[in-house]
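Reviewing the structure listed below.
The values are calculated or read from the model by the stated rules, or taken from the named source; none is laboratory data. All figures in this text were calculated on a predicted structure; none of them were measured in a lab. FYI the Cβ positions are ideal-geometry reconstructions off the backbone, even for glycines, and counts take in every protein chain you see.
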Amino acid sequence: MIQIETVRGVSYRLIEKHKKEDALILINIIETLTFMAAKKWGKIEEKLNNIEIMLNKTPYLRELALFHQLKGIYYIHLGAIQEGREWLNHGIDIAKQTQLAFMEIDIIACSVLTIVSGISFFVTKKRG
């Protein structure tokens with residue numbers, strides 16, 4: 001099994017080599033998903049803070065939508081269910097402004113929640 005640190009090292013070297021610093025946001029999102037799946041919650045708050053700082057500099061909408069979904073999952077993990085749902089729903093609202101399909105974001109959020117909690121979670125926001 002490939003270690004997170006190995007993938008991370010390769011990813012960062014490629015980003016540096018090809019001068020694609022904006023890819024760091026997506027790498028950090030993927031790392032956060034990986035930590036959630038591995039239930040390494042201690043590392044997630046720091047990752048989310050790093051992502052937020054990067055998004056403040058370059059607010060790409062797709063990454064911003066995914067960030068809100070991750071933050072929502074994190075809040076739900078902490079027991080702040082209503083705040084988590086608000087973050088999840090705001091991520092869907094942001095996704096409406098992009099070419100990223102709503103279902104892709106819902107699937108990511110629900111998949112991670114299922115992995116983390118062992119129960120299914122459905123976003124209840126009505127779309128239209």
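When restricted to residues that are surrounded by 13 or more Cβ atoms within 10 Å (Cβ to Cβ) and under 25 Å from ALA23 (Cβ atoms), the stretch 53-89 contains 19. For GLU104, the requirement of being at pLDDT 90 or above, closer than 25 Å to LYS43 by Cβ and surrounded by fewer than 21 Cβ atoms within 10 Å (Cβ to Cβ) is not met.
Each row is one residue, and each column tells you yes or no for (1) under 17 Å from ILE94 (Cα atoms); (2) in contact (Cβ under 8 Å) with a residue 60 or more places away in the chain.
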| site | (1), (2) |
| --- | --- |
| GLU31 | no, no |
| LYS39 | no, yes |
| LEU48 | no, no |
| ILE51 | yes, no |
| THR58 | yes, no |
| ALA65 | yes, no |
| LYS71 | yes, no |
| TYR74 | no, no |
| HIS77 | no, no |
